[in-house]
Every structure is written in C-alpha cells, then in structure tokens.
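Here's the structure, in structure tokens; my notes come after.
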Amino acid sequence: MTELPLTSRARPDRRPHALADWRALGGYAAVERARAMAPGEVIDMVEAAHLNGRGGAGFPAGRKWRFMPERGTSPGEGPNYLIVNGDEMEPGAFKDRYLLEALPHQVLEGAIITAHATHCDEAIILIRDEYRPGIAAVEHAIREARDAGLFGGLHVRVHPSAGRYIVGEETALITALEGHRAVPRKRPPFPAQSGLWGRPTTVNNVETISLVPHILDLGAQRFRALSRTEEGGTKLYGVSGRVKRPQLIEAPMGTTARELIERAGGVSGDGRLRAFQPGGGASGFLGPEHLDLPLDFGHVAAAGSMFGTGMLIVLDGSACPIGLLARHMRFYARESCGWCTPCREGLPLVSKILDRFEAGQGRRADLDLLHMTADEASPRGRSFCDLMGGAMAPLASGLRMFAAEFEARLAEGERP
C-alpha cells in the first residue's frame, strides 16, 4: 500500500517532473480510470473514501460535488467551472506551495478527475502571485498535458491572484475572478447554483484536488484506511514556530501533535511546549494536555479549536504569546475586506490594543474590551463571512490560556 500518496513521487530536489517521467511513475492512469466511469460513480468513490476538504472548513468533498448540476440542466447557457484554490495566505500555511511547485501534474490529474465528476467544462487554477515558481511549474505542466491530449475537451488555465486572505472564502474568490473587489457574497445561492459569472461552480483547495487521483488508484477503502480516524487519507501537516526543524510532513489523518513535533526535531528555545495552534493562525490555542489528540477536523473541534489547514504553530516557554497575538491581529486587520462593520472597525481596534500591550502600555479598560470583543465576535455567524470569527479564535483562547501574561503586563508595564 502506498502510505504517502501525496509526496512519495516527489523529486528530492523539489523540481517538477517532466510529463514523460510523471507518466512513467503511473501518472494520469487515474484519469483513464475516472473517464471509464460515470461522474456519479466517481463521486461515490470520493464519498466512500471520506475525503474532507483540506482548505480549512473540512466539508466532505463528495457531498460538495453532488450539488453541481449536469451540463445543460441549469438555466441559461455557458460552461460549468471548477476553481482550484491556491491562494494560500493563512499564517503558518505553506503546504499548497509545495504541491504546486514540486507536483504540478498531480494537481492537474486531480483537476481533470474532479471536472469529470462535477460536469465542468473549464478548470481555473488560482495561485497567489507571490508563488512565481508554482505558477511557472503549473503553466508548463498544462502545456505538456495539453500537447499530449490529456485534457480532452476540458479547458485548463492558471489565474495568478493579486493575493488577499479574504480570497480563501470561495465566494470572495469568485468575485475577484470576475474582476471586482474581493468581497464575500450572500448565500444562497451557493456557487454550485450560481458561481463564476452566474454559472455552476465548484471550488476546492489544492491539497484536496491533489488527493483525488489516489482515491482512484488505491480504491476508496484502501485510501480511507490510510487514516487513523474516520476522516480518510493522509494529510500534509506543517510544523513551524518554535521547533528545531520547521517542515512539511505527510502523515495519516489523526496523527498527534506529539509525533509531528518530535519529527520536527522537538521544541526549540527553552525546550518546553507552552501551547500550539493546530490549524494555522486562525485556530484557537491548545496546550500540552492535547499533545496526544488525533489531529483531524472532528477531534480538534471537540477540543475547542479548529483543524483548518492542519499547519501547527508551536510556542515554547520563552515565546511571548501577546506578541504572537499582536502579529496575527495585524495581519487579519490588514486583510479584512471591510465589507461588514465587525471586521472593518473591530479588527483594527483589537490590533491597536494588542500593540499597546506588547509595548507595555496596556490598560485595564483595554483588557476588558478585548474580553468583550472576543466574547461577542468569536462565535461563527456574527459577521458576513468567517474571517472575523477565525481572527477572534486565537484571541479568545489566548485570553484564557495566557491570562497571567496579560495581568503581568498590566502590573509591570514592561515587556517580559
């Protein structure tokens, strides 16, 4: 059994494969298998494999695909669209970059199969503009695959994104692709009903799409069995922050933080784990007592955080949690689209307060306001999209976990 399907065929130098080399490794065999199946049969396999989306929300991929109508059955005329989201901007996230740069043909395989299953005529691979090597690798792979006739009637292209965190929200991504300001849309209608230019659209993350060929290669049950939990397959985890060897690690879904941190060389700094964020910058903090928690969407949610991108950010005992929160909040305040009041007004205010605390100038009224804002804004659904809720998650958990640090900063008036 292939234990590491996502990365086992990557070159040691991380350079992309030429098409001939990729096909010699079994590339595009899954595409032929998929084309011999009806679209609904492919979706059945993906659902049986328990593939959850790897972009942050963890929504089951097969269930999402079923929302797409068949060609010619939706009102009006025009294509159905697949958008592969590579606008990776979550603090601490760097997994999609690796897949785009090192394994572009794997991404294309997944896009072809997904387009077949969802009745799509055009696949757009959106990549943040800063990922220039990734853009070049995917564009070259597209030319090779097109010249070899591997796309059939599917039109595939790359769209370099100007790069905004809000584009991680699928309706804001669609709005940006149409040439407008990147702001979320009201739902319903959902993208599968009315997405890009009013046409049925499916949006999936690069990692999600990259896993699809392996379901066809391995079969649903073998792919599902790669996981340690009910959520099937492997995961490209990232470990960064206060570890000795920050890195990407492909491991079974449900791998624990203890194992991942050990594989990253252990905790650096003073060597004592203080806390970690399990899903990138928009996830709540977990403590040492959660080191053996299976890291997947269900278990992390039950522990009070969010699995998100599955990218761990580690704090040791000497790290300043207030400084980390201040940096996170500066990012989210800058990246808010400003469409609704909680984000537009609330995030800059919280950012300024945290900057004051980091500088040793916080006041009791500031701390009270942070608590009030976290209590009011951290529940999902209090703003137009989930950006505000995601930004407040580390603050809400940080105020609880690091209460002594905030109180000490008030009492001492200096940075520890």
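Relative to the longest principal axis of the C-alpha atoms of the chain, give the angle of the C-alpha long axis of helix 39-48, reported between 0 and 90° and rounded to the nearest 10°.
Result, in degrees: 40.
Could you give me D for region 1-151, from Stokes-Einstein at 10 °C and 1.306 mPa s, where the hydrodynamic radius is the Kirkwood radius over C-alpha pairs? Units µm² s⁻¹, please. Each step should come with its number before you reach the end.
Numbers: Rh = 16.5 Å.
Result for D is 96 µm²/s.
Give the distance, in whole Å, between the Cα centre of region 214-289 and the Cα centre of region 335-373.
Cα centres, region 214-289 to region 335-373: 31 Å.
Calculate one ³J(HN,Hα) per residue across region 193-199 by plugging θ = phi - 60° into the Karplus curve 6.51 cos²θ - 1.76 cosθ + 1.60, and present them in order as whole Hz with x for glycine and proline.
8, 8, x, 4, 6, x, 9
Just the Kirkwood number for the chain, please: inverse of mean 1/r across all distinct Cα pairs, in Å, one decimal.
Across the chain, the inverse of the average 1/r is 22.0 Å.
Filter the trypsin sites (Lys or Arg not before Pro) in region 15-84 down to the DSSP loop ones having no more than 14 other Cβ atoms within 10 Å, then list what survives.
Here the trypsin sites (Lys or Arg not before Pro) that fit, given the DSSP loop and packing criteria, are Arg71.
What does the helix-only formula give at 222 nm for the chain: each DSSP H stretch with n ≥ 4 adding -39500 (n - 2.57), the total divided by the residues, and the result rounded to the nearest 500 deg cm²/dmol?
-12500 deg cm²/dmol
Leaving out ligands, DNA and RNA, what percent of the accessible area of the chain is carbon and sulfur, probe 1.4 Å?
C and S fraction of accessible area: 51 percent.
Taking Cα pairs under 8 Å and at least six residues apart, what relative contact order does the chain come out at, in percent? Each step should come with its number before you reach the end.
Numbers: 828 pairs, mean separation 64.3, N = 416.
The value is 15 percent.
Computed over the Cα atoms of region 67-143, what is the ratio Rg over Rh, Rh following Kirkwood?
Rounded to two decimals, Rg over Rh is 1.04.
Straight distance only, please: which aspartates and glutamates reach the Cα of Lys64 with their own Cα at less than 13 Å, same-chain residues fewer than 8 apart left out?
Partners within reach: Asp44, Glu47, Glu170.
For region 281-291, just list the computed ³J(HN,Hα) in residue order, Karplus coefficients 6.51, -1.76 and 1.60, θ = phi - 60°, integers in Hz, with x standing in for Gly and Pro.
For region 281-291, the Karplus curve yields x, 9, 10, x, 6, 10, x, x, 5, 9, 4 Hz.
Compute the signed sum of charges (Lys and Arg +1, Asp and Glu -1) over the other residues within less than 14 Å, Cβ to Cβ, of Asp147.
+1
Can you return the lysines within cross-link range of Lys95? Criterion is Cα-Cα under 20 Å, with same-chain partners fewer than 8 residues away left out.
The reachable lysines, counting only those whose Cα sits under 20 Å from Lys95, are Lys235, Lys244.
Between 0 and 90 degrees, rounded to the nearest ten: what's the tilt of helix 104-117 against the longest Cα principal axis of the chain?
Its long axis makes an angle of about 70 degrees.
Can you give me the angle between helix 206-218 and the longest principal axis of the chain, using Cα atoms only, in degrees from 0 to 90, rounded to the nearest 10?
Between the helix axis and the principal axis of the chain, the angle is about 50 degrees.
According to the Cα gyration tensor, what semi-axes, each the square root of 5 times an eigenvalue, does the equivalent ellipsoid of region 175-222 have, listed from largest to smallest in whole Å?
That gives 30, 12, 9 Å for the three semi-axes.
5 Å is the cut-off here: which amide hydrogens, built 1.01 Å from N in the peptide plane, fall below it relative to Val243, excluding neighbours closer than 5 in sequence?
Result for Val243 returns Ser268.
Under 5 Å between amide H atoms, partner at least 5 residues away or on a different chain: which partners does Ser161 have, H built in plane at 1.01 Å?
Ile127, Arg128, Asp129
Over region 39-183, average the accessible area per residue using a 1.4 Å probe and give it in Å², no decimals.
Details: 5240 Å² over 145 residues.
Dividing the accessible area of region 39-183 by its residue count gives 36 Å².
Compute the projected area of the convex hull of the Cα atoms of region 105-165, averaged over all viewing directions, and report it in nm² to one decimal place.
Working: hull surface 17.1 nm².
Computed as one quarter of the Cα hull surface, the answer is 4.3 nm².
I need to check one value: relative contact order of region 219-282, counting alpha carbon pairs closer than 8 Å and at least 6 residues apart, in percent.
Relative contact order, region 219-282: 26 percent.
For region 267-348, divide the Cα radius of gyration by the Kirkwood radius and give the resulting Rg/Rh value with two decimals.
Taking Rg over the Kirkwood Rh, I get 1.03.
The values are calculated or read from the model by the stated rules, or taken from the named source; none is laboratory data. Note that this is a predicted model, so its numbers are computed, not measured. Using ideal geometry, Cβ is built from the backbone for each residue, glycine included, and neighbour counts are taken over all protein chains shown. The area values use the complete protein model at the heavy-atom level, side chains included, leaving out ligands, DNA and RNA. Shrake-Rupley method; radii C 1.70, N 1.55, O 1.52, S 1.80 Å.
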